[in-house]
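The values are calculated or read from the model by the stated rules, or taken from the named source; none is laboratory data. Predicted model, so just to flag it, every value in this text is computed and none were measured. Counting neighbours? That spans all protein chains shown, and the Cβs are built from the backbone with ideal geometry, glycine included. Heavy atoms of the whole protein, side chains included, go into the accessibility calculation; ligands, DNA and RNA do not. Shrake-Rupley method; radii C 1.70, N 1.55, O 1.52, S 1.80 Å.
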Amino acid sequence: MAAGIGPIAVGAFLVSVRGVLDSADLVLMLVLVVVVIAMAADRVAAAIAAIGAAVSFDFFLTKPYGSLRITSASDVTTTLILLIIGLAVGQIAIAGKERRREAVRAQQELERLEFVAARIAADDSILPLIDLVENKIAETLSLASCRFGLQRPGLPELFPDGRVETSTHLLTDDGFALPAEGVALAVVGAGETVGWLRLTPGRPVGVTRETRRVAVALSQQLGAALARPAIDNLT
């Protein structure tokens, strides 16, 4: 609603100053509206805002006023340029927001890996470590729950490369969501499967393949810790 109404409201407001400011200044103000909406919303909203800005400029700020007709060739050019710039700037703003979000996500995932590694190095208590890894994987994949067990759940498997063994894929804004029934993730230590994690999603949340690989890395840290007593016995 903001994407559709915002440019129109600003265009109506600019009617009061259209005799004072030239077309370039009016266009810049409408482009600013597109940028603000793009930073707060998604790609579709940014595109709607850009189209709304062009229509608003045509209707309120070009002659004949109050009509979508344009009698001046220069006004036609300005309107088209406003539409193109609005679409481009909106998509650039969205891309920048997504890159910042990805940078934050990557930093959080690195911190989880480092935190679990530090706990493994400092404490050899297994049960608290299992709870910790379950929680960190649940946070990473936005799960409803993550539970460790010795038996393989009868669920599609999440492989080390981030692939999920399923024929049904649900695509969301951020990537493919895990199957609604959940997935099984092998906990591997010292080359052997020492247990399984049952990953149960809540609402459908898309995660990238890289994020799924981070969850696998966390499970491998748990596997290394679980296999450590056997390795210690050999030494």
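Scan region 1-17 for residues that are farther than 18 Å from Gln91 by Cβ and either touching a residue at least 60 places away in the same chain (Cβ under 8 Å) or in contact with a Ser or Thr (Cβ under 9 Å, 6 or more places away or on another chain) (or both) and the total you get is 6. Scanning region 11-48 for residues that are under 19 Å from Tyr65 (Cα atoms), touching a helix residue (DSSP H, G or I) at 6+ places or on another chain (Cβ under 7 Å) and either at pLDDT 90 or above or part of a helix (DSSP H, G or I) (or both) gives Gly11, Ala12, Leu14, Val15, Ser23, Leu26, Val27, Met29, Leu30.
Considering (1) in a strand (DSSP E or B); (2) of a type in the set (A, V, I, L, M, F, W, C); (3) without any contact (Cβ under 8 Å) to a residue 60 or more places away in the chain, the lone condition that Leu127 does not fulfil carries the number (1). So is Lys97 charged (D, E, K, R), part of a loop (DSSP other than H, G, I, E, B) and open to solvent by 30 Å² or more (accessible area, probe 1.4 Å) or not? Taking the combined requirement at face value, the residue does not satisfy it.
Residues in region 128-144 that are touching a Ser or Thr at 6+ places or on another chain (Cβ under 9 Å) and open to solvent by less than 30 Å² (accessible area, probe 1.4 Å) were compared, and the one that is nearest to Val116 (Cα to Cα) is Val133. Could you list, in sequence order, all residues of region 1-52 that are surrounded by 16 or more Cβ atoms within 10 Å (Cβ to Cβ) and hydroxyl-bearing (Ser, Thr, Tyr)? Across region 1-52, the qualifying residue is only Ser23.
Checking each residue in region 33-61 for being touching a residue at least 24 places away in the same chain (Cβ under 8 Å) and of a type outside the set (A, V, I, L, M) picks out Asp42, Arg43, Gly52, Ser56, Phe57, Phe59, Phe60.
Within the span defined as region 10-24, every residue fails to be under 16 Å from Ser56 (Cα atoms), under 31 Å from the mean Cα position of the chain (by Cα) and of a type in the set (Gly, Ala, Ser). If you go through region 191-224 and keep only what is closer than 18 Å to Phe148 by Cα, open to solvent by 10 Å² or more (accessible area, probe 1.4 Å) and among the hydrophobic types (A, V, I, L, M, F, W, C), you end up with Val194, Trp196, Val214, Ala217, Ala224. Please determine, by comparing only the residues of region 60-75 that are surrounded by 13 or more Cβ atoms within 10 Å (Cβ to Cβ) and in contact with an Asp or Glu (Cβ under 9 Å, 6 or more places away or on another chain), which one is farthest from Val17 (Cα to Cα). Per the criteria, the residue is Ile70. Filtered by the rule that a residue be within 17 Å of Cys146 (Cβ to Cβ) and among the acidic types (Asp, Glu), region 157-190 gives Glu157, Glu181. When Ile81, Ile92, Ile85, Ile8 are checked against the criterion of being closer than 25 Å to Thr172 by Cβ, part of a helix (DSSP H, G or I) and β-branched (Val, Ile, Thr), Ile92 stands alone in meeting it.
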